[in-house]
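Enquirer: Sending over a structure as structure tokens; questions will come in a sec.
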Amino acid sequence: MIINFILYYGNYLIILFLLIIIFVCILYYIKNIPYEGKIFIFKKNKYKKFKEEISKLNYYTTESELNKKIKEVLNILEIEDIKLFLLDSNNKKYVLSLYTKNKKEYKIDNLIKYLKYNKEILTENNLNKKNKRNKKLYKKILSDFKKTKSKVIVPLFFNRSFIGFFCLGEKYGKYNKIDLKALEDFREKISIALHNLHLYNKINNQKNTLDKFKKYLENKINEQTKYIEGKNKNLEELLEMKSDFLRIANHQLNTPISIVKNSLFMLQEGLMKKDKALNIAFSGIERLNDVITEFWDIFELEGGNYELKLDCVDIIKILDEQVKEKKFLIDKNKKIKLIFENNIDNNTLILCDYKKIINVISNLLDNSIRYTDKGYIKISLTKNKRKIKGKNYIKIEVEDTGIGILKKDKSKIFKKFIRGGNAIKLKPSGSGLGLYLSKKIIEMHNSKLKLEKTSKKGSKFSFKLEICDEDTISSLSNIINKKNIETKTKIKNVKILFFQNDKKTINTCSNIIKNNNYEYYYTNKLGEAKKIISEKKPNIIFSGIIIYKEDKNKMVNTIAEQGYSLLEYKNNKKINIPFIFLTNLNTTGDRKKALDMGASEYISKIEFKPENLEEIINRNLRCLIEK
């Protein structure tokens, strides 16, 4: 029966067998034909479009546009899940830059290490084969691979540098060799596109930085232009001020010098008694001292170096002392009553600069005394009824029955080098700086100096100062009128070094030095001063700043700031003794520099009184002992 079947259907079986052989041959041929041939056979149009699209990747200059294009290109291959990891801006780690599904953190360090040194496109099948060879090496890599839920991972390289990788997940159908070959072409193009985008962004960032820098420079140039314009304006004002100053200074300085010169001449010629001549000379020197101090204050004020040292001060005590002091200055021929009227609590402390407020009050009282011949001068102290910005204030008024101020002079009375017409007629001499300086000092205290009223029967000036509250008192460590406590015991065995240009300071303090048995050394040479410090071990140093320096030929003395050099020597040698600058220089800049370098005190010779030498020495040595 079988034989009959074969004989009957034999021809058909031979034909079927031949068809099978032909089909196998066709499959073998397809397997060995190139990629282009497969595109022709399998979905030629799809892969042709894919190749065309990847060639356009270099056209995109923004990350969002490129990411959008990447999705479009990979969608041609029907890939649904796409993740792109790129190196961050700090070149420290690879971060998720593009994703089509949920964003999450992936800890895949082992996989990244592997990809850095392996350029091949990675599939799960490849890893499984390698895992069989070396399980220890590929176990962790395979674990990271599965974390990404990828089917294919495409590492990206540019110039042999690993720049990132694609994790490609599910697609319609499985990844075949044609897909992998297409992805090889894709990675070549996308690596170049990503590198170009990185360069473009880098250049763009540099451009933005340059634009910002350009804008910054423009702003700086504008600022400097305004600054220079302001300086030019200030220069014009300074030139005008200079001419005014020279005119005023010529008169103001010559007057006291003439007084001293004439009184000493008359004493020398025997035309005046010694006591009277010396008294006149001293009054001229005091007047010269006042003029110089006033000019220094103005220079520092105009130069922006005039600083306040705010403390909580007993204003009642200040006014009381000023009134007592001024009573002695009133000419006996004048019928004037000097009255102090206090209407505030005796424990009231005021926030102000102690010395500068004394200058203001002294100036106002001096003006009243100078231009009042009869009647009264009253300085009154009252508490301001209303708070100003939550703070309590006191009001100080200085009223007199003098010549008053003309109406035409009221608007300019506070300008520098300006004096009222009545004042000039009565007292031709005067700098015209007192009220200007006083006004500026009060403004620095956030207040105003006002001319309350004026008439032929007198004038009234007023200003307000802030009352110290408990918080202010506790925050300020220095309350002047409570700090200066005198000690009853004297410090003995004091050795003083005077580093000065001459012995005038020692001569004026000779009685104090003698009465206290002070041992002192004097020199005006820096080398000798250093030798005295190392050998004689003085307890305290009084130094000038500008000490004339003798040149090698001993012909000319040159100006040098050797006082600073001596202080620097003391600091370098770590010698712990008080160093006090006693100098003719009275600028804020020198004062600040000296104190910053470690000077114990800075005293102007204009302010220095010989009778205060003992108190200065005791104060500084006492501080040293306490430390």
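The values are calculated or read from the model by the stated rules, or taken from the named source; none is laboratory data. Keep in mind that what you see is a predicted model, and the values were worked out from it rather than measured. For neighbour counting, all protein chains shown are included, and Cβ atoms are generated from backbone atoms with ideal geometry for every residue, glycine included. These accessible areas exclude ligands, DNA and RNA; they are computed on the full protein's heavy atoms, side chains included. Shrake-Rupley method; radii C 1.70, N 1.55, O 1.52, S 1.80 Å.
Enquirer: Among the residues of the range 109-124, count how many are part of a loop (DSSP other than H, G, I, E, B) and under 12 Å from F165 (Cα atoms).
Expert: 4
Enquirer: Quickly run through the range 373-409 and pick out the residues that are within 22 Å of S447 (Cα to Cα) and open to solvent by 40 Å² or more (accessible area, probe 1.4 Å).
Expert: Passing the criteria: K378, T382, K383, K385, R386, K387, I388, K389, G390, K391, N392, K395.
Enquirer: Any residue at all in the range 24-32 that's modelled with pLDDT of 85 or more and aromatic (F, W, Y)?
Expert: No, because not a single residue in the range 24-32 is modelled with pLDDT of 85 or more and aromatic (F, W, Y).
Enquirer: Turning to a different aspect of this structure: Suppose the filter is at pLDDT below 90, surrounded by 12 or more Cβ atoms within 10 Å (Cβ to Cβ), of a type in the set (D, E) and under 32 Å from the mean Cα position of the chain (by Cα); does E561 pass it?
Expert: It is true that E561 is at pLDDT below 90, surrounded by 12 or more Cβ atoms within 10 Å (Cβ to Cβ), of a type in the set (D, E) and under 32 Å from the mean Cα position of the chain (by Cα).
Results for (1) open to solvent by 70 Å² or more (accessible area, probe 1.4 Å); (2) in a helix (DSSP H, G or I); (3) without any contact (Cβ under 8 Å) to a residue 12 or more places away in the chain; (4) not acidic (D, E), shown as yes or no for each residue.
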residue: E188; (1), (2), (3), (4): yes, yes, yes, no
residue: H195; (1), (2), (3), (4): no, yes, no, yes
residue: I203; (1), (2), (3), (4): yes, yes, yes, yes
residue: K215; (1), (2), (3), (4): yes, yes, yes, yes
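Enquirer: Here is a further query. If we keep just the residues of the range 275-325 that are basic (K, R) and modelled with pLDDT of 80 or more, which is nearest to I442 (Cα to Cα)?
Expert: K309
Enquirer: State whether one or more residues within the range 473-491 are modelled with pLDDT of 90 or more and either surrounded by 11 or more Cβ atoms within 10 Å (Cβ to Cβ) or touching a Leu at 6+ places or on another chain (Cβ under 8 Å) (or both).
Expert: No, the range 473-491 contains no residue that is modelled with pLDDT of 90 or more and either surrounded by 11 or more Cβ atoms within 10 Å (Cβ to Cβ) or touching a Leu at 6+ places or on another chain (Cβ under 8 Å) (or both).
Enquirer: Among what's in the range 155-176 and is in contact (Cβ under 8 Å) with a residue 40 or more places away in the chain and either surrounded by fewer than 17 Cβ atoms within 10 Å (Cβ to Cβ) or over 22 Å from E65 (Cα atoms) (or both), pick the residue that is farthest from the chain's Cα centre (by Cα).
Expert: Only one residue fits best here, namely G173.
Enquirer: Restricting the range 504-523 to residues that are within 45 Å of the chain's Cα centre (by Cα) and touching a residue at least 12 places away in the same chain (Cβ under 8 Å), which is surrounded by the most Cβ atoms within 10 Å (Cβ to Cβ)?
Expert: The residue in question is C509.
Enquirer: Within the range 332-372, restricting attention to residues that are part of a strand (DSSP E or B) and of a type in the set (A, V, I, L, M, F, W, C), which residue is surrounded by the fewest Cβ atoms within 10 Å (Cβ to Cβ)?
Expert: Checking each candidate, the answer is I339.
Enquirer: Here's a follow-up. Under 8 Å by Cβ, and 6 or more places apart or on different chains, what pairs join a residue from the range 3-24 that is assigned to a helix (DSSP H, G or I) with one that is surrounded by 10 or more Cβ atoms within 10 Å (Cβ to Cβ) and modelled with pLDDT of 65 or more?
Expert: Here the result reads I6/L13, each pair linking the range 3-24 to a residue that is surrounded by 10 or more Cβ atoms within 10 Å (Cβ to Cβ) and modelled with pLDDT of 65 or more.
Enquirer: Test of understanding: among D109, D88, D81, which residue is at pLDDT 80 or above, of a type in the set (D, E, K, R), touching a strand residue (DSSP E or B) at 6+ places or on another chain (Cβ under 8 Å) and under 27 Å from H195 (Cβ atoms)?
Expert: Sole residue among the options that is at pLDDT 80 or above, of a type in the set (D, E, K, R), touching a strand residue (DSSP E or B) at 6+ places or on another chain (Cβ under 8 Å) and under 27 Å from H195 (Cβ atoms): D81.
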